[in-house]
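Scroll down for the structure; my scribbles are underneath it.
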Amino acid sequence: MSEEKKQQLKEAFYTQTETEVLEKMQTSKDGLSNQEAQKRLEEYGANQLDEGKKKTLLSKFIDQFKDFMIMILLAAALISFFTGDRVEAIMIIVVVLIMAIFGVVQEAKAEQAIDALKSMATPNANAMRDGNVKTVKSTELVPGDIIMLEAGDVIPADLRLIEANSMKIEEAALTGESVPVEKDIAVISDAETGIGDRLNMAYMNSNVTYGRGVGVVVGTGMNTEVGKIAHMLSQADETNTPLKENLNSLGKTLTIAILGICVIMFGVGMLKGNTTWIDMLLTSVSLAVAAIPEGLPAIVTIVLAIGTQKMAKRNALVRKLPAVETLGSTDIICSDKTGTLTVNKMTVEAVFTNNELHSATDELAADNMTLKVMNYCNDTKFSKEGTLIGDPTETALVQFGLNKAYDVREKLVAEPRVGEAPFDSDRKLMSTIHELADGRFLVATKGAPDELLKRCVSYDVNGELKPMDDAERQLILENNTGLAKQALRVLAMAYKIVDTKPTSVESADLEKDLVFSGLVGMIDPERQEAAEAVRVAKEAGIRPVMITGDHRDTAEAIAIRLGILGKDQHEAVITGAELNDMSEEEFAKKVVNYSVYARVSPEHKVRIVKAWQTAGKVVAMTGDGVNDAPALKTADIGIGMGITGTEVSKGASDMVLADDNFATIIVAVEEGRKVFSNIQKTIQYLLAANLGEVLTLFIATLIGWDTLLPVHLLWINVVTDTFPAIALGLEPAERDVMSHKPRGRNSNFFSGGVMSSVIYQGILEAAITLGVYWAAIQWPAHLALTAAQKATAIADGISISDAIYDMQHADALTMAFATLGLIQLFHAFNVKSIHQSIFKVGAFRNKVFNYAVLLSFVLLASTIVIPGFNDLFSVAHLDAYQWAIVFGSSIAIIPIVEIVKFFQRKTLDI
């Protein structure tokens, strides 16, 4: 398509007259000829959304290895392989490959958004071709086609309406407005008018709920409003989650530390001159590799996966693993109103009848005329299954009657409809005529209160008719205003009984001399559990922000009822039009002032999310409509609705709520916070352990001690870095997890005292281990050899003194090995909470953790106590005295850390 044609389709057709539009589109009310339509189809292309360029499977797979932590692990695997530790190298490679495959699967799911958007297109449309109405595939529609519409149709393209007879279109999926929009063909003068207020336009994938109309196609495919959303989806950048940022930061920190270890170790070794530079280099690199927590990425994946399973059981379905943790860091929840905070169903909330205002739960008499009129003057149909079909406003009235045991189907059998005056947007009224049992006729009328009052000459109070006067009219208008201020949509009911059937249904004759019966106030109400969820969110330091396509008054009223706004916070509400007048810089400064956005477009939602992100906040966005998809993809975490949500919004989301329950988000936030806390505990545990190992070897090398062999480090890493670390990821949430403020985007795994804890705890582990080794050398358990040991030494040509030294060294090495392993297992109990005492959080309440520690202990001890294993691991048997020293020294880390935590709590006021 040429640029000139594209520009033509971007014009504000709603500001042009019917004649101007037809002339601009080079068409007429008779439509296009088949020949011209085919020509335009070749010129403009099919009326469908572009697929966009998709990544190949190979490119997706390669992208997974661009993560910094993964690159560190690959480097570690390479070094391990060439230094002879091939078992560890293979283990690292397997972990990396599993993670890469998992990432490809997750990314493939994310591409469903555009595909879902394409599938929404209607298969057929009724178009004028060669002067006749023909059924045409929607993909073959072109600009200039004339489309015939009626109730039940899905709009096949963007249309400028040229006829609209009592026509209403439901545009919630596009605009977020819950009530169908009444359409007309009047020209709109303001070119800045938002989508929701363009009453003479009909947009692709919206639904005709009432009436009929005719429109000229002014946009197809990617040039429709839905096409713009599809383009925004394809252009939206994938936001890095806090988890990814934290892991990348951790990887860079470890790299610097590891390079430092290599350089220092190599330099010290060369200065001592005890070995060649090649051997020293291999030793340094091997020690540095030992500092890498190679199991960490796998453990993070396992913890996240377990988190997704728990959340799924509570109706939060996670599509992308990092989303689990991201929820825990959420500062802002930008929530769509319709269908998320509200039930997306018009409901009667108040009735003014017999000069009294009643709530929807109050009892009404079976012969109440307001109840009767709202059900009789109504075009709602019943499906075979008993569900209500029709305009949401009218179905709400019938549902209200059913709730009051007033079944209009039974009533109409005795008093059938014999005539009607359909709703008209000019007079804003609708009337039906019913034959009564006594031969007279009832005229039931409903409509706009101000228009209906003009036609009323009396009013009904419990069946008694009284003349309409100024005082009564004032009372009715005051109640109407009061209901409107609550953002209720108000309809008035009136009636009259005549002796003969009206011969004419012209409104001037039919709708006069009426008896006012009452007012009915309706709204799409908030979900019952949403207000409590908002309260809990605020308590947890999370700010709820409501974004909707509804009018300002409606949005503000719902926000106040939910607790998002206080009653005097009118300035915290802003409309899309007001937002348009702000520059990006100005809005970024003022975004903190607003909690409610009304009459917004998809572009506005993306701006809102980005403004909060610029302010350093982690943003979650909920939504169910097509219009929400770009913002869902831009947000740190997009949350789609499983029941009312479109496939487009689900495809663009990181998480889907299976029950469409806003309260489920708070449950997910709690799980997310727990997941981050558990990952943080795991990192603290692993890094403290690895630092303890590195310091033990480093200091021993400086002193000249032979404390641990490579096989000892490998086995300790296998038994202590695996099972306890995974079990820490299964720790239940701490009791105060939802009482803290969100940690924010700038925090990381080392925040909150974790870094200092890792350092002092690593030093403590190394000091205790080296202390046990030194004590075993200074005060050996055996000062002499047995007769058998002496005979063996003599037979091997070893002096008695050397044999005693070897035995003492073997005992010391074994005790150091056992202490370093056990101290890590005992320390695992310490990291159940970063600052709280283990006695407060419950040392043994996690059964999986208890079994994991026990299993690790058995695996560690088996290398010492099982005959044959000690030779394999070059360790000696220990007697009861030596085991007592090992246990006593290892368990000492618990009271020491408890004392440090105590002073931390006092100092930091935790």
Between Q528 and K137, take the C-beta separation as r, use R0 = 30 Å, and let me know the FRET efficiency to the nearest 0.05.
0.10
Mind checking the full-extension length gain between I891 and T614? Use 0.36 nm per residue of separation minus the Cα-Cα distance, one decimal, nm.
95.0 nm
For a quick check: sort Y203, Y760, Y597, Y881 by the number of other beta carbons within 10 angstrom, fewest at the front.
Y881, Y760, Y203, Y597
Expected-Rg normalisation [2.2 N^0.38 Å, Cα atoms] applied to region 567-719
1.65
Three-way shape call for region 304-420 based on the alpha-carbon gyration tensor, with the a/c threshold at 1.5
prolate
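When DSSP beta bridges are limited to those with both residues in region 474-615, what percentage is antiparallel, rounded to the nearest 5?
Given both bridge residues lie in region 474-615, the antiparallel proportion sits at roughly 60 percent.
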With a ≥ b ≥ c from the Cα gyration tensor eigenvalues, square-rooted, and the rule rounded for a/c under 1.5, otherwise prolate when a/b > b/c and oblate otherwise, region 316-370 is prolate
Once you sort the root eigenvalues of the Cα gyration tensor of region 347-523 as a ≥ b ≥ c, which label holds: rounded (a/c under 1.5), prolate (a/b larger than b/c) or oblate (the other case)?
rounded
Find how much the distance from V848 to A305 grows on full extension, using 0.36 nm per residue of separation minus their present alpha carbon separation; answer in nm with one decimal.
193.8 nm
State, to one decimal in nm, how far the label point of L477 lies from the label point of S504, with both points 7 Å from Cα in the Cβ direction.
3.0
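For a quick check: sort M546, M493, M25, M468 by the number of other beta carbons within 10 angstrom, fewest at the front. Present the calculation step by step, with values, prior to reporting the outcome.
On the way: M546 27, M493 32, M25 23, M468 17.
Listing M546, M493, M25, M468 from fewest to most nearby Cβ atoms yields M468, M25, M546, M493.
Normalised by the number of residues in region 317-462, what is the relative contact order in percent for Cα pairs under 8 Å and 6+ residues apart?
Values: 150 pairs, mean separation 24.7, N = 146.
For region 317-462, the relative contact order is 17 percent.
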Neighbour-limited loop hits for chymotrypsin sites (Phe, Trp or Tyr not before Pro), region 636-715 (at most 11 other Cβ within 10 Å; DSSP other than H, G, I, E, B):
none
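Given 0.36 nm per residue, what is the gain on full extension from K538 to S837 after removing their alpha carbon distance, in nm?
Result: 104.9 nm gained on full extension.
Using the 10 angstrom Cβ neighbour count as an exposure proxy, how do H570, H827 rank, fewest first? Mind showing how you got there, number by number?
On the way: H570 12, H827 25.
Going from least to most buried by this count: H570, H827.
Values in this text are rule-based calculations from the coordinates and carry no lab data. In this text the structure is predicted, and so the values were computed from the model without any measurement. Please note: Cβ atoms are built from the backbone with ideal geometry, for glycine as well, and neighbour counts cover all protein chains shown.
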